[in-house]
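Every number in this text was worked out from the coordinates using simple rules, so none of it is lab data. Keep in mind that what you see is a predicted model, and the values were worked out from it rather than measured. Quick reminder, even Gly has a Cβ in these numbers, built from the backbone with ideal geometry, and neighbours come from all protein chains shown.
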Amino acid sequence: MVTLRERNDPLRLMGRRLVLTALAIVVISASWAVWNIYRKESESGRLKVEAQAQLTDLQRRQAQLQADYDTLQTERGMEAALRDQYAMGRQGEGLIVIVEPVVPAPVQATTSIIQWLKDVLSRF
């Protein structure tokens, strides 16, 4: 009977409830901390993937710029760049020959009205 009284002692029951409440608070706090760590880890993984994509893009752009720079260091590359910029030739074109348009001979006016009449009447 003494053990039964000790089990039902109000002070002892209150202590157990306090311990259970404290334990529940610790479990909830630990769960909250684990959840925050999980969220941060998943966000950092997403940011890592984005950063790697940006790095890949920057490396590709750097390689393209280096190739363009190396091309512009040659005489042929400078000529091709100028042709592209001023639209003077097609891609891969080696030689451009500029041909002046043929200028028609100027029409000479007739010397007189009589010459004109002769030309008109000679057709009949």
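What ranking do 76-86, 47-57 get when scored by the average of other Cβ atoms within 10 Å per residue, highest first?
Put in order of decreasing packing, that is 76-86, 47-57.
Between ARG39 and ILE98, what is the label-point separation in nm under the 7 Å Cα-to-beta-carbon projection?
6.9 nm
Full extension from GLN115 to ALA67: what is 0.36 nm times the residue separation minus their Cα-Cα distance, to one decimal in nm?
Separation in residues times 0.36 nm, less the Cα-Cα distance, equals 10.1 nm.
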